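Reviewing the structure listed below.
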Amino acid sequence: MTGVVRVRLPGDVDFSGCIDDADLLSVLFNFGATGARPEDVNYDRVVDDADLLIVLFNFGNGC
């Protein structure tokens, strides 16, 4: 049996495998949004400073 398992890096909003400017911009453009969103990287149902910090702390990982 073979397969691929994709693991989401903390802050990788677009699942590209790289936390980059696209992820940062996505969080900034959706700041304040509520509900289940890919930009809500800490899963508290609101895109806020906590999500922004996760992206910033992990910026450049996977690139």
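FYI, it's all coordinate maths here, none of it is from the lab. Bear in mind the structure is a predicted one, so any value in this text is a computation, not a measurement. Glycine gets a Cβ as well: all are built from the backbone with ideal geometry, and neighbour counts include every protein chain shown.
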Among residues other than A50 whose Cβ falls under 14 Å from its Cβ, what is the net charge (Lys/Arg +1, Asp/Glu -1)?
-4
Need the C-alpha centroid separation for the stretch 27-45 versus the stretch 11-26, integer Å.
13
Mind giving me the nanometre distance, one decimal, between the label points for R45 and L24, set 7 Å out from Cα along Cα→Cβ?
3.1
Which of these values of semi-axes √(5λ) of the Cα gyration tensor in Å was calculated from the structure shown: (1) 18, 15, 12; (2) 62, 6, 4; (3) 21, 14, 9?
(3)
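Within 9 Å, Cβ to Cβ, of G62, how many net charges do the neighbouring residues add up to if Lys/Arg are +1 and Asp/Glu are -1?
Charge balance in the 9 Å sphere: -2.
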Helix-only mean residue ellipticity at 222 nm, the chain, DSSP H runs n ≥ 4 weighted -39,500 (n - 2.57), per residue, nearest 500. What is it?
-8500 deg cm²/dmol
Lys/Arg +1, Asp/Glu -1 at C-beta; the stretch 1-50 dipole; positive extreme among F31, V4, C18:
V4
Relative contact order %, the chain, counting alpha carbon pairs below 8 Å whose residues are six or more apart:
36
